[in-house]
Amino acid sequence: MPYKNFEEYNIQVTDDVKERYKNIIEDLGENTDREGLIKTPERAAKAMQFLTQGYNQDPVEILKSAMFKESYNEMVIVKDIELYSLCEHHILPFFGKAHIAYIPNGQIVGLSKLPRIVDVFARRLQVQERLTEQVLDCINDTLKPQGVAVVIEASHMCMMMRGVQKQNSITTTSGFRGQFEKIETRNEFLKLIGK
Ligand SMILES: Nc1nc2c(ncn2[C@@H]2O[C@H](COP(=O)(O)OP(=O)(O)OP(=O)(O)O)[C@@H](O)[C@H]2O)c(=O)[nH]1
Ligand SMILES: [Zn+2]
C-alpha cells in the first residue's frame with residue numbers, strides 16, 4: 001500500500017471515489033454544482049466506504065476476542081439479527097434477518113459477536129448464498145462447536161426497484177454443519193426460530 005497509515009489511505013480513497021462519483025452523477029444527467037449536490041460525491045464516497053468496511057475487518061479475530069470455556073451443551077440461538085448488504089451484481093441493497101444457532105463444544109462465544117460477524121461479511125459486495133456460507137464457516141472453523149446453523153431471509157432491492165419488480169418475494173438461504181445435519185436437531189432449530 002503506497003500510504004503511510006490507514007487514516008491516510010481512507011482520505012485518499014474518499015478523494016478518489018468522490019471524483020468518480022462526480023463523473024457518474026454528471027453522466028447520469030445531473031449538475032454537481034447545484035447546491036443540493038455539491039457535497040453529494042463526498043457523502044456517497046463515505047457511505048460506500050461504510051457499507052463495504054467488512055473488507056478491512058477480521059471476523060476470526062472478533063470471535064476469538066470473546067470465547068469462554070463453558071460446559072453448556074445445548075443449542076444457543078440468536079435470531080432476528082437485522083442485516084444490510086449490497087448485491088454484487090447491481091450494487092443495490094439487500095436486507096433482512098439472519099438467524100444463527102450453535103451447540104457448544106467446551107466453549108461459548110460472546111453473544112454480540114455473532115451479529116458482529118454477520119455485519120463483517122454483509123458489509124461487502126455479496127450474494128446471499130456466499131454470505132450465509134461465510135458466516136457458517138467462520139463460526140464452525142473458529143469456535144469448533146458440535147454444530148452450527150445459519151438461516152438468512154432477505155429482500156433484494158434489485159428485484160424490487162428494477163428488473164423483475166417483485167415487491168413481496170423473500171429469499172431464504174440456509175446452511176447446517178455438524179449436529180444440525182441431523183434432521184431432528186435442524187427441525188428443533190427451525191421450530192425455535194418460527195420456521
Ligand atoms: N443467486 C443470487 N442471485 C442474486 C443475488 N442478488 C442478485 N441476484 C441476481 O443476480 C442476477 C444477475 O443476472 P443478470 O441477468 O446478469 O442481470 P440483469 O440483466 O440485471 O437481471 P435482472 O435482475 O433479471 O434484470 C439476477 O437474476 C439477480 O436477481 C443473490 O444474492 N444471489
Ligand atoms: Zn442485484
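The values are calculated or read from the model by the stated rules, or taken from the named source; none is laboratory data. Everything quoted here is computed from the prediction, not taken from an experiment. All Cβ positions, glycine included, derive from the backbone under ideal geometry; neighbour counts span all protein chains shown.
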Among (1) in a loop (DSSP other than H, G, I, E, B); (2) more than 16 Å from ligand 1 (Cβ to nearest atom); (3) in the same structural domain as Glu129 (by TED's automatic domain parsing), where does Glu30 come up short?
(3)
Suppose we filter Tyr72, Tyr55 for residues that are away from ligand 1 (no atom under 16 Å from the Cβ) and within 19 Å of the chain's Cα centre (by Cα); which single one remains?
Tyr55
Out of the stretch 51-68, which residues are assigned to a loop (DSSP other than H, G, I, E, B) and in contact with a helix residue (DSSP H, G or I) (Cβ under 6 Å, 6 or more places away or on another chain)?
Gln57, Ala66
Could you look through the stretch 161-180, keep only residues that are within 16 Å of ligand 2 (Cβ to nearest atom) and under 17 Å from Gln126 (Cβ atoms), and pick out the one that is surrounded by the fewest Cβ atoms within 10 Å (Cβ to Cβ)?
Ile170
Would you check which residues across the stretch 39-50 are in contact with a helix residue (DSSP H, G or I) (Cβ under 7 Å, 6 or more places away or on another chain) and not basic (Lys, Arg) and list them?
Thr40, Pro41, Glu42, Ala44, Ala45, Met48, Gln49
Can you spot a residue in the stretch 183-195 that is assigned by TED's automatic domain parsing to the domain that holds Asp141, of a type in the set (S, T, N, Q) and within 16 Å of ligand 2 (Cβ to nearest atom)?
no
Checked against (1) of a type in the set (Val, Ile, Thr); (2) within 20 Å of Met48 (Cβ to Cβ); (3) touching a residue at least 40 places away in the same chain (Cβ under 8 Å), Ile170 satisfies every condition except (2)
List pairs: first in the stretch 68-80 and more than 12 Å from Leu190 (Cα to Cα), second surrounded by 10 or more Cβ atoms within 10 Å (Cβ to Cβ) and of a type in the set (S, T, N, Q), Cβ under 6 Å, 6+ apart or cross-chain?
Lys69/Gln107
Criterion violated by Val150 - all others in (1) within 13 Å of the chain's Cα centre (by Cα); (2) within 13 Å of ligand 2 (Cβ to nearest atom) satisfied:
(2)
For the stretch 69-116, which residues satisfy the criterion of being part of a loop (DSSP other than H, G, I, E, B) and within 16 Å of ligand 2 (Cβ to nearest atom)?
Glu88, His89, His90, Ile91, Leu92
Quick one: Ala45 ticks every box in (1) within 16 Å of ligand 1 (Cβ to nearest atom); (2) within 30 Å of Thr32 (Cα to Cα); (3) small (Gly, Ala, Ser) except a single one, so which number is it?
(1)
Looking at the structure I just gave you, is Thr14 of a type outside the set (D, E, K, R) and touching a residue at least 40 places away in the same chain (Cβ under 8 Å)?
no
Please specify each residue of the stretch 173-191 satisfying the condition of being under 20 Å from the mean Cα position of the chain (by Cα) and without any contact (Cβ under 8 Å) to a residue 12 or more places away in the chain.
none
